[in-house]
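Following: one structure in structure tokens, then a few remarks.
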Ligand code: 3EB
């Protein structure tokens with residue numbers, strides 16, 4: 001069998017990561033409570049996310065490989081590594097570092113607004129300069145996501161800043177927008193954003209059971225979240241489906257409030273609907289629930305057994321699943337699941 005040449009994802013322990021070959025690694029996100037040691041090659045972009053791991057090892061390393069030669073670099077505060085057609089990048093900005101208003105310019109509405117806007121502007125500038133203009137997938141981790149500051153929930157402040165920055169960079173605000181996740185991180189953490197981008201546009205996929213997030217009514221904030229429910233990347237030998245953070249939302253409403261098991265089932269039904277939609281849009285695709293790699297965000301650690309029991313019914317025993325403690329962007333949601341599916345394409349080579 002040929003070595004896979006397309007994009008590849010693994011969730012590794014520190015020991016596994018340390019002994020893994022790294023030449024074709026595009027980037028890494030490390031999840032843990034206290035600081036995780038940055039093991040491995042220094043040139044690999046390394047997003048350090050402060051969300052405790054709930055099962056198994058203390059740290060989990062999310063490792064993205066391209067299967068191809070890669071080259072590292074940085075631009076402003078974005079660290080990146082790229083292969084011919086794909087780029088992984090990350091940026092971390094602390095709200096405590098944010099400069100005050102520049103003379104002659106209005107003060108930013110909040111420090112979170114300022115760092116979010118800076119992060120997104122630097123990301124867009126980097127992608128435009130390097131010629132990987134298409135964001136495929138983006139992950140956002142912000143401390144105290146549900147806390148009110150100046151009367152506005154911080155997730156809503158983040159949405160406004162993301163919207164403002166993407167708009168200022170001339171980017172789409174609906175339709176052709178990346179898959180995403182936005183979760184809480186421990187208090188005192190910086191804003192951490194990491195992403196995958198490409199030379200060409202992915203296919204954008206919405207969920208027939210859910211209103212597109214970029215069309216949410218204003219009840220959820222003055223500026224809509226800018227993300228697609230999923231994006232589909234086609235490479236020569238494989239298809240990759242990036243499924244956004246998915247929760248117990250039907251239409252635009254949170255349902256099964258207070259019932260973790262039912263929220264988990266509804267989330268899986270939403271993911272199943274997205275898989276069916278991807279398989280419909282791309283006839284060569286054959287994504288299935290059992291073969292996804294899943295990252296499960298759990299608001300209350302005590303809920304892990306209930307969530308795990310529901311997942312055991314839907315996934316296969318060999319599925320890659322990690323559980324992280326994270327606050328979810330709506331107070332009434334107890335669980336959120338993001339997933340990646342990779343399916344090989346039958347080629348004659
Ligand atoms: C939802 O469906 C749940 O703001 O980037 C999921 C994925 C959610 C991404 C984001 C938010 C985001 O609205 C929340």
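Inter-label distance, residue 148 to residue 199: 5.1 nm, where each label sits 7 Å from its Cα along the C-beta direction.
Note on segment 122-257: Rg/Rh from Cα positions, Kirkwood definition for Rh, rounded to two decimals, is 0.96.
For the chain, a Gaussian network of Cα nodes joined below 10 Å ranks 172, 254, 19 by mean-square fluctuation, and the top entry is 19.
How much FRET efficiency would the formula 1/(1 + (r/R0)^6) give for residue 284 and residue 215, where r is the Cβ-Cβ distance and R0 is 30 Å, rounded to 0.05? If you can, show how the numbers build up before the last one.
On the way: r = 29 Å, r/R0 = 0.97.
After rounding to 0.05, the efficiency reads 0.55.
Could you work out how much longer the chain between residue 43 and residue 57 gets when fully extended? Use 0.36 nm per residue separation minus the Cα distance between them, nm to one decimal. All intermediate terms of the calculation are to be shown ahead of the outcome.
Values: separation 14, 0.36 × 14 = 5.04 nm, distance 2.46 nm.
That pair, residue 43 and residue 57, stretches by 2.6 nm at full extension.
Springs join every pair of Cα atoms under 10 Å in this Gaussian network model of the chain, and among 248, 212, 319 the largest mean-square fluctuation is at 319.
Taking only DSSP H segments of four or more residues, each worth -39500 (n - 2.57), what value at 222 nm results for the chain once the sum is divided by all its residues, to the nearest 500 deg cm²/dmol? Please list the in-between numbers first.
Numbers: 5 runs with 74 residues, N = 349.
Mean residue ellipticity at 222 nm (helix-derived): -7000 deg cm²/dmol.
Listed from fewest to most Cβ neighbours within 10 Å, the set 13, 238 follows the order 13, 238.
Counting neighbouring Cβ atoms within 10 Å and putting the fewest first, the residues 126, 231 line up as 126, 231. Plainly put, segment 120-190 has a radius of gyration that is 1.00 times its Kirkwood radius, both from alpha-carbon atoms, as the Rg/Rh ratio.
For the chain, the equivalent ellipsoid built from the Cα gyration tensor has semi-axes of 27, 25, 21 Å, listed from largest to smallest. The stretch between residue 172 and residue 77 holds 31.9 nm of extra length on full extension. This uses 0.36 nm per residue minus the Cα-Cα distance.
Springs join every pair of Cα atoms under 10 Å in this Gaussian network model of the chain, and among 272, 180, 161 the largest mean-square fluctuation is at 272. Bridge orientation summary for segment 8-344: considering DSSP beta bridges with both residues in this region, about 75 percent are antiparallel. By the Kirkwood approach, averaging reciprocal distances over each pair of separate Cα atoms, segment 75-141 gets a hydrodynamic radius of 13.2 Å. Peptides 280-286, 49-55 ranked from most to least packed give 49-55, 280-286, packing being the mean of other C-beta atoms within 10 angstrom over each peptide's residues. In plain terms, the residue of 204, 88, 242 with the fewest other Cβ atoms within 10 Å comes first and the most crowded comes last, giving 204, 242, 88. Convex hull volume of the C-alpha atoms in segment 64-194, normalised per residue: 121 Å³.
No lab work stands behind these numbers, since they all come straight from the coordinates. Since the model is a prediction, treat every value here as computed from it, not as a measurement. Positions of Cβ are generated from backbone atoms using ideal geometry, with glycine treated the same way; all protein chains shown enter the neighbour counts.
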